[in-house]
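As structure tokens, the structure follows; a few thoughts come after it.
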Amino acid sequence: MHRLILALILLPWMALSHASAVSNLYQATAAVESQSEADRKALTPELLRKVLLKIVGDSEALQQADLSALMEDADRFVQQYHYARINVDDDWTQPDQLALTLTFDETSLSNAINRTGLPQWGLQRPEVLIWVAIDDGEQRQLVSEMSDAHDVIRHLKQAGQERAMPIFFPVMDLQDQTQLTFNDIWTGDNDAVRNASERYGTSVIAVARVQIRDEDAQVSWQALINDETLRWQSEGRQMAAIKMGLGELTDQLARKMGQVVSSGPQQEIEITVTEVRDFSDYSRVLGYLNRLPAVSSVSVINLADNELRLALSIRGEPSALRQTLAFGQVLRSDGQQDEQQRYRLLP
């Protein structure tokens, strides 16, 4: 039996820095009995649901939606499939299993999600630095990515992959060990956590205080997002507690960054991006905007004096696009909200 206890300290959401383009968003894998067509088709709805969870990001929104039409017609969204013998759960104490990987068609599935009214979370997602402190009753330690302590890091990585959440861990070298101790984490010294995290260049910082007794775990979580503090707890069997806790963080971020893409008439807006100094900057701006679910097309109007003027065709309200741009931390608004919106390209 496991449960999730949530307490949020909500302050105004600030822009997130350092985003990462997630891969394999439209792909999912699971163990399968055989390579028969019947087994493949029987497993397709389950794999489609896994992909929908990654795209939408918010598990609660997905649970409340009527997905019956998508599930009944799941096979038509399959673009390709392949089989391999792999360790499905990344548990090297268990033998490899036959696994089926399905890749779903991005365009047709995205359009289908739009018709359900569900939000979509784009490819650009904030990178989350996670500090992990473990108390197993015998030893207390801060762990790095290379640690094998109670498989906590492995469970976190697996949970991050399942939810398409980019996560990484401190290296725990001499600098980290000097700046942050186990007691700093355990007593909730947020100033020490922020100071130690500065070298990693991210404003999305998570802390997991893990108490392990036998096979059970109780995890106290905290996320520091600029000036906001978010706290929650998860408990149960170790893997379940880890996945549930990271899932809550994913849900919260998706609710802020996901966007319902309108199926109505498209709107045309113009924006100007400053600090576009070379071809690399130019490519970065266009690539970023073209990956946003709400943007259907990007046209260049003019480029002069390090300013790039663009025409965007968007699905949905311009206000929702402005919120998405704020969270992406690639472009920063100069505060003007007139028809000619101006943004600065961040380093």
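The values are calculated or read from the model by the stated rules, or taken from the named source; none is laboratory data. All values reported here derive from a predicted model rather than from experimental measurement. Neighbour counts run over all protein chains shown; Cβ positions are idealised from the backbone, glycine included.
On the basis of being touching a residue at least 40 places away in the same chain (Cβ under 8 Å) and either under 30 Å from GLY287 (Cα atoms) or within 18 Å of the chain's Cα centre (by Cα) (or both), does ARG140 make the cut? Here the answer is no, as ARG140 does not meet what is asked. Suppose the filter is under 14 Å from the mean Cα position of the chain (by Cα) and β-branched (Val, Ile, Thr); does ILE167 pass it? When the stated conditions are applied, ILE167 passes them.
Being modelled with pLDDT under 95 and in a strand (DSSP E or B) is the filter here; which residues of the range 1-27 pass it? ARG3, LEU4, ILE5, LEU6, ALA7, LEU8, ILE9, ALA19, SER20, ALA21 - these are the residues of the range 1-27 that are modelled with pLDDT under 95 and in a strand (DSSP E or B).
Scan GLN158, GLN124 and give me the residue that is farther than 19 Å from TRP221 by Cβ and either in contact (Cβ under 8 Å) with a residue 24 or more places away in the chain or touching a Ser or Thr at 6+ places or on another chain (Cβ under 7 Å) (or both). Break it down into steps so the answer makes sense when it comes.
Numbers: GLN158 fails: farther than 19 Å from TRP221 by Cβ.
When all the criteria are applied, what remains is GLN124.
Within the range 92-119, the set of residues being buried (at least 19 other Cβ atoms within 10 Å of the Cβ) and closer than 16 Å to ALA254 by Cα comprises ILE113, LEU118, PRO119. For the range 173-183, check the following and say yes or no: at least one residue is under 27 Å from LYS256 (Cα atoms) and of a type in the set (A, V, I, L, M). No, every residue in the range 173-183 fails to be under 27 Å from LYS256 (Cα atoms) and of a type in the set (A, V, I, L, M).
For ALA133, the conditions (1) farther than 23 Å from TRP221 by Cα; (2) in contact with a Leu (Cβ under 6 Å, 6 or more places away or on another chain); (3) assigned to a strand (DSSP E or B) all hold with the exception of (1).
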